[in-house]
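Undergrad: Sharing a structure here in structure tokens format.
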Amino acid sequence: MRLEGKVSIVTGAAQGIGKATALKFAAEGSKVVICDVRLGSMDEISSELKEMNAEFLAYEVNVVNRDQIKTMVDDVVSRWGKIDVLVNNAGITADNQLIKMPEEDFDKVIDVNLKGTFLMGQGVMKEMVKNRYGRIINIGSIAGEIGSVLSGANYAASKGGVFALTKTMARYGAPYNITANCISPGHIDTHMTSVWSKGEKNAFINNIPLKRLGKPEEVAWGILLLASDEASFVTGVILDINGGILMK
């Protein structure tokens with residue numbers, strides 16, 4: 001199994017890409033730490049992990065709360081001795097047209113998507129540096145590459161920032177055998193896209209060469225690859241998983 005003996009943290013694990021990733025990691029032998037902003041929201045994935053007889057811990061963590069992050073990291077290390085993999089998946093949207101967007105909506109999305117990725121990365125990298133090993137996978141978005149009206153200027157800007165932050169993490173972590181990479185999903189069938197109208201979905205699908213939305217499990221496979229030792233010479237990379245929509 002690709003992650004045998006590893007300890008992995010997945011944020012935003014209650015649903016979508018985060019949930020699919022946590023389940024995939026557990027199936028590949030990892031001890032899994034799942035966290036989300038509400039502990040109760042992880043009841044479903046907790047039940048599935050129990051059915052798999054997976055070793056896991058669940059924490060209520062707001063990724064913009066440095067104290068909650070530290071408490072989780074310290075507890076994981078005290079129980080399991082290390083942290084090998086971090087998947088920064090937690091993210092939100094607060095949609096509105098650019099010229100109508102309240103400042104607080106812009107700040108809220110930047111805080112969770114970008115600052116939250118920074119704070120989690122900072123908290124976990126301290127432990128990875130001690131062990132001279134780590135795999136960090138941040139979740140970006142096609143919106144950060146091409147911009148987006150539908151997802152919002154705040155969301156697109158936050159994900160563009162995640163790309164730059166990932167490369168900085170990769171440069172900083174390299175001397176300590178820590179890799180940092182970013183997955184950039186296209187249009188994936190998750191709770192975040194479920195609010196789109198049928199017309200909006202069809203408009204996106206028509207522009208995707210594979211003519212469908214992606215599945216969370218398909219993104220999770222890419223995350224698994226970057227978390228594994230098979231990708232030990234891959235760092236600072238943006239991996240597009242989008243059905244071919246950005247082909248040049």
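The values are calculated or read from the model by the stated rules, or taken from the named source; none is laboratory data. Given the structure is predicted, the values throughout are model-derived calculations rather than measurements. Virtual Cβ from ideal backbone geometry, glycine too; neighbours counted across all protein chains shown.
Undergrad: Could you check the stretch 115-134 and list, in sequence order, the residues that are within 16 Å of the chain's Cα centre (by Cα) and not aliphatic (A, V, I, L, M)?
TA: Of everything in the stretch 115-134, those that are within 16 Å of the chain's Cα centre (by Cα) and not aliphatic (A, V, I, L, M) turn out to be LYS115, GLY116, THR117, PHE118, GLY121, GLN122, GLY123, GLY134.
Undergrad: Return yes or no: is ASP229 touching a residue at least 12 places away in the same chain (Cβ under 8 Å) and farther than 23 Å from GLY121 by Cα?
TA: On the way: touching a residue at least 12 places away in the same chain (Cβ under 8 Å): yes; farther than 23 Å from GLY121 by Cα: no.
Taking the combined requirement at face value, the residue does not satisfy it.
Undergrad: Pairs, please: C-beta under 9 Å, at least 6 apart or cross-chain, first residue more than 19 Å from GLY91 (Cβ to Cβ) and in the stretch 34-60, second among the basic types (Lys, Arg) and loosely packed, with under 15 Cβ neighbours inside 10 Å?
TA: So the pair list comes out as PHE56/LYS50; LEU57/ARG79.
Undergrad: Quick check on the stretch 1-13: of everything there that is touching an Asp or Glu at 6+ places or on another chain (Cβ under 7 Å) and surrounded by fewer than 24 Cβ atoms within 10 Å (Cβ to Cβ), which residue is nearest to GLU127 (Cα to Cα)?
TA: Going through the qualifying residues, I end up with VAL7.
Undergrad: Continuing with the same structure: Name the single residue that is surrounded by the most Cβ atoms within 10 Å (Cβ to Cβ) among those in the stretch 127-174 being free of Cβ contacts under 8 Å to residues at least 40 places away in the same chain and in a helix (DSSP H, G or I). It would help to see each step written out before you state the result.
TA: As a first pass, look at the stretch 127-174 and keep what is free of Cβ contacts under 8 Å to residues at least 40 places away in the same chain: 130, 143, 147-148, 156, 160, 164, 168.
From what is left, the residues that are in a helix (DSSP H, G or I) are 130, 143, 156, 160, 164, 168.
On the way: LYS130: 13, ALA143: 24, ALA156: 22, GLY160: 18, ALA164: 12, THR168: 14.
Ranking the candidates gives ALA143 first.
Conditions tested, residue by residue: (1) of a type in the set (Val, Ile, Thr); (2) closer than 17 Å to GLY12 by Cβ.
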{"site": "MET52", "(1), (2)": "no, no"}
{"site": "VAL64", "(1), (2)": "yes, yes"}
{"site": "ALA90", "(1), (2)": "no, yes"}
{"site": "GLU103", "(1), (2)": "no, no"}
{"site": "ASP111", "(1), (2)": "no, yes"}
{"site": "GLY121", "(1), (2)": "no, yes"}
{"site": "GLY134", "(1), (2)": "no, no"}
{"site": "ILE139", "(1), (2)": "yes, yes"}
{"site": "TYR155", "(1), (2)": "no, yes"}
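Undergrad: Out of SER41, SER30, SER47, which single residue is over 16 Å from ALA14 (Cα atoms) and hydroxyl-bearing (Ser, Thr, Tyr)?
TA: Of SER41, SER30, SER47, the one residue that is over 16 Å from ALA14 (Cα atoms) and hydroxyl-bearing (Ser, Thr, Tyr) is SER30.
Undergrad: Can you name the residue in the stretch 215-248 that is modelled with pLDDT of 95 or more and in contact with an Asp or Glu (Cβ under 7 Å, 6 or more places away or on another chain) and is also surrounded by the most Cβ atoms within 10 Å (Cβ to Cβ) among such residues?
TA: Checked the stretch 215-248; the qualifying residue surrounded by the most Cβ atoms within 10 Å (Cβ to Cβ) is LEU224.
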